[in-house]
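Asks: Sharing a structure here in structure tokens format.
Read-outs throughout are calculated quantities, based only on the coordinates presented, and are distinct from any laboratory measurement. In this text, all values refer to a predicted model and were calculated from it rather than measured experimentally. So basically every Cβ, Gly included, is an ideal-geometry build from the backbone, and we count neighbours across all protein chains shown.
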Amino acid sequence: MNETLTKEQIKTIFSICRQSIESKLSEKYEKTKVEDFPLLHEKRGVFVTLKINERLRGCIGNLFTEEELHVSLKDMARSSAFSDPRFSALTKDEYQNVDIEVSILSPMEKITNIDEIQIGTHGIVVSKGYNKAVFLPQVAVEQKWDRDEFLSNCCLKAYLPPNAYKDKDIIIEVFTADIFDEKELD
């Protein structure tokens, strides 16, 4: 996928996320004009990850959406800050130290051979019935997992046995992501 975006366009992506979080923290909405470009109007899955001192503070996203990217960015940023069930709502004090990472996803592609998974390139979705889990491409690299560990941990996240990815009725999908880290803009 690898979107070629200008530095200003990448700043716009983070501006949309920050404005969404700030409007909730201040309980008032102030619309700021941001640069408009075609990617913002595409319907793309997106994850917004918040970190404080390199530690996860929230991560919410969607794999599929009927909304344009600029709307999803607002929704996922706000959800990451205030609705991730693993964390309490982000406070104003914490917000001052938040770094944002945005992962814009390619469409999902079903695979039949796990050898197709490229660590560091592919994110994965593992599903069986109502059980489903996703890992972004950077997770395997950050955790130093090989392909089997990546799949096993995704199965566990989906409340499936760790070796469920070997079952023939399991569905495995891969995707790529363009990952933008706010810290890299400085």
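Asks: Considering only the range 42-51, state which residues are assigned to a loop (DSSP other than H, G, I, E, B) and either more than 12 Å from Met76 (Cα to Cα) or touching a helix residue (DSSP H, G or I) at 6+ places or on another chain (Cβ under 7 Å) (or both).
Replies: Glu42, Lys43, Arg44 - these are the residues of the range 42-51 that are assigned to a loop (DSSP other than H, G, I, E, B) and either more than 12 Å from Met76 (Cα to Cα) or touching a helix residue (DSSP H, G or I) at 6+ places or on another chain (Cβ under 7 Å) (or both).
Asks: While we're on this one: Take the residues of the range 52-96 that are touching a residue at least 12 places away in the same chain (Cβ under 8 Å), among the charged types (D, E, K, R) and in a helix (DSSP H, G or I): which is nearest to Ile13 (Cα to Cα)?
Replies: My answer is Lys74.
Asks: Which of (1) surrounded by fewer than 18 Cβ atoms within 10 Å (Cβ to Cβ); (2) in contact with a Leu (Cβ under 7 Å, 6 or more places away or on another chain); (3) of a type in the set (Val, Ile, Thr); (4) closer than 26 Å to Glu54 by Cβ is the odd one out, the single condition Val98 does not satisfy?
Replies: (1)
Rundown of residues vs (1) exposed (fewer than 14 other Cβ atoms within 10 Å of the Cβ); (2) over 20 Å from the mean Cα position of the chain (by Cα); (3) at negative phi; (4) touching a residue at least 40 places away in the same chain (Cβ under 8 Å), yes/no style:
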site	(1), (2), (3), (4)
Leu136	no, no, yes, yes
Lys144	yes, no, no, no
Asn153	no, no, yes, no
Ala158	no, no, yes, no
Pro162	no, yes, yes, no
Ile172	no, no, yes, yes
Glu184	yes, no, yes, no
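Each row is one residue, and each column tells you yes or no for (1) over 24 Å from Glu35 (Cβ atoms); (2) touching a Phe, Trp or Tyr at 6+ places or on another chain (Cβ under 7 Å); (3) not hydroxyl-bearing (Ser, Thr, Tyr).
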{"site": "Asn62", "(1), (2), (3)": "no, no, yes"}
{"site": "Val71", "(1), (2), (3)": "no, no, yes"}
{"site": "Phe82", "(1), (2), (3)": "yes, no, yes"}
{"site": "Arg86", "(1), (2), (3)": "yes, no, yes"}
{"site": "Ala89", "(1), (2), (3)": "yes, yes, yes"}
{"site": "Gln96", "(1), (2), (3)": "yes, no, yes"}
{"site": "Ile111", "(1), (2), (3)": "yes, no, yes"}
{"site": "Ile119", "(1), (2), (3)": "yes, yes, yes"}
